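Step one of this worksheet: look at the structure below.
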Amino acid sequence: MCRSIKTLRSDAQAPTREETYAAALQFVRKISGYRKPSLANTAVFNAAVEDISTASLKFLQDLKPHNGVAARVRPAMIRPQQEGQPERRI
């Protein structure tokens, strides 16, 4: 969807309010089609960003790790090394 929205879920640290606000802003911009809303739509646009940001932060804080164990970061996929060539990441 939006390439500029980054994954906020991390076992290392909880997302900040600023990170969830930025992601919510990008989401509302995408679905509304407005980069900056008109004066008539500013209040409803900002309210939507706040609502989505708050809900996202609560959702991320309430998520439980799978099977009660913290999710592990998957190693990058590595192609099998061919003779004489360095390993290549996909």
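Since every read-out is calculated from the coordinates, none of them should be taken as a lab result. This structure is a prediction, so every number in the text was calculated from the model and none was measured. Please note: Cβ atoms are built from the backbone with ideal geometry, for glycine as well, and neighbour counts cover all protein chains shown.
How do Thr7, Thr16 line up, fewest other C-beta atoms within 10 Å first?
Details: Thr7 7, Thr16 11.
Listing Thr7, Thr16 from fewest to most nearby Cβ atoms yields Thr7, Thr16.
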Packing-based exposure ordering (other Cβ within 10 Å, fewest first) of Ser10, Ser38, Ser32: Ser38, Ser10, Ser32
Global geometry of the stretch 17-63, whether rounded, prolate or oblate, following the gyration tensor of its Cα atoms and the 1.5 cut on a/c: prolate
